[in-house]
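Here is the structure we will look at.
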Amino acid sequence: MDAIASHVDSLVGAAIRCDKAGDGVAAEVLMAIARDEAGKFLVLLDAARIPYTDKARMTSQLKRAGSHLAKSLYFEMTDLRPATLSEVERYLAEARRSHYLDGSNDADWIFRNRALADREDVMYVDYQQTDEGFIWHRPSVSQFRTGLFVPQGFRLLAEMSTAGFCNPAGLEVVNNIWRDVVPTNGSDGSKDTLWIDIKRRNVCTLEQILATGVAKDIERVSLRRVVDLWTFPSHSVDLALIDVTKSVADERPRLMRARLWDESDYADIAAELWENGPADIVRDMLSDVIEDESDRLAEMRRAEAEFIAEERMRFIEDD
């Protein structure tokens, strides 16, 4: 893990130098590799929170070190600020979808999994299917890119390494404090694990690792970052890709119809997104918007009719 943290630091440094030299593509490739490696670090650290006797879960967790999706999601979670485990799972349920809809109408195009696409599109020349047919995609950076973004998750790795999390004694502390912790989402009647409970254990873990004397010089602000960014254990959370190819293809025309203000269709869709909310509540919320849209269309028709009438009178007078 120390080797991974050092490698990530080198990659990020090289990416920054490439970006300053004007080679944005090279910088983004290096950052993609750095994110992948950082995710591997976090996957391995999460394995230390599993009881050594739980061979099945340990084996499953270690296999994630070879999954680009799992590593990407682990790294993304350092930027989240979830209050409960159920919030983490709701985010992951979207992030694990094989495809999603997006565009100005939220349904114009079908895109593949964002985490995988962000990594591969900048690294490989790829043969892709579009509405206009198949194309060769060539890595590039967006014309709207203003500079290289360096996530704070990279600093988290460096600070954990400095604090002693990669040391065998530090990892033993992690296992002793966390091995009996399996967060729950409350779906089976159990308590939804709260972030404050995780944060308290983060503090306890850090204090005990520092007490072993394996830490190097580390600033107080770095300790705070370790406590705040090391998120929920995810070794018992599903991180596999969800195949939604067919459902997304079916959902697209329905959403496009909804954008044309088909009230019943739109209300049904909104109700699905509204947690525990019946469709009639959403219809009430949308009714004012729909009425405003109807009034606007009626006004446009009146203006059009007046324009036609004026043009007709002008033609008669000229004749």
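Conditions tested, residue by residue: (1) outside the structural domain of ALA93 (by TED's automatic domain parsing); (2) of a type in the set (Ser, Thr, Tyr); (3) within 30 Å of THR245 (Cβ to Cβ); (4) at pLDDT below 95.
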site	(1), (2), (3), (4)
ASP131	no, no, yes, yes
SER142	no, yes, yes, yes
ASN176	no, no, no, no
GLU207	no, no, no, yes
LEU210	no, no, no, yes
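Residues of segment 59-85 that are surrounded by fewer than 16 Cβ atoms within 10 Å (Cβ to Cβ) and polar (S, T, N, Q): THR59, SER60.
Against the test of being aliphatic (A, V, I, L, M), closer than 15 Å to SER72 by Cβ and at pLDDT 90 or above, the options VAL122, VAL150 yield a single qualifying residue, VAL122. For segment 82-127, the set of residues classified as of a type in the set (Phe, Trp, Tyr) and either within 18 Å of SER67 (Cα to Cα) or touching a strand residue (DSSP E or B) at 6+ places or on another chain (Cβ under 7 Å) (or both) consists of TYR100, TRP109, PHE111, TYR124, TYR127, listed by residue number. For SER72, the requirement of being on the phi < 0 side of the Ramachandran plot, in contact with a helix residue (DSSP H, G or I) (Cβ under 9 Å, 6 or more places away or on another chain) and free of Cβ contacts under 8 Å to residues at least 60 places away in the same chain is met.
Quick check, is ASN175 under 23 Å from the mean Cα position of the chain (by Cα) and within 26 Å of GLU76 (Cβ to Cβ)? Spelling it out, it is not the case that ASN175 is under 23 Å from the mean Cα position of the chain (by Cα) and within 26 Å of GLU76 (Cβ to Cβ). Only one entry in ALA169, ALA107 is modelled with pLDDT of 95 or more, in the same structural domain as GLU28 (by TED's automatic domain parsing) and not acidic (Asp, Glu), namely ALA169.
Of all positions in segment 183-197, at least one carries a residue that is outside any loop (DSSP other than H, G, I, E, B), surrounded by fewer than 17 Cβ atoms within 10 Å (Cβ to Cβ) and among the aliphatic types (A, V, I, L, M).
SER222 falls short of the stated requirement of being touching a residue at least 40 places away in the same chain (Cβ under 8 Å), among the polar types (S, T, N, Q) and part of a loop (DSSP other than H, G, I, E, B). Pairing each residue of segment 18-41 that is of a type in the set (Ser, Thr, Tyr) with any residue that is in a helix (DSSP H, G or I), provided the two are 6+ apart or on different chains, yields no C-beta distance under 9 Å. Here SER234 meets each of (1) assigned by TED's automatic domain parsing to the domain that holds ASP46; (2) crowded, with 16+ Cβ neighbours inside 10 Å; (3) of a type in the set (S, T, N, Q); (4) part of a loop (DSSP other than H, G, I, E, B) with one exception, condition (1). Would you call GLY170 under 24 Å from the mean Cα position of the chain (by Cα) and touching a residue at least 40 places away in the same chain (Cβ under 8 Å)? When the stated conditions are applied, GLY170 does not pass them.
The values are calculated or read from the model by the stated rules, or taken from the named source; none is laboratory data. Predicted model, so just to flag it, every value in this text is computed and none were measured. Positions of Cβ are generated from backbone atoms using ideal geometry, with glycine treated the same way; all protein chains shown enter the neighbour counts.
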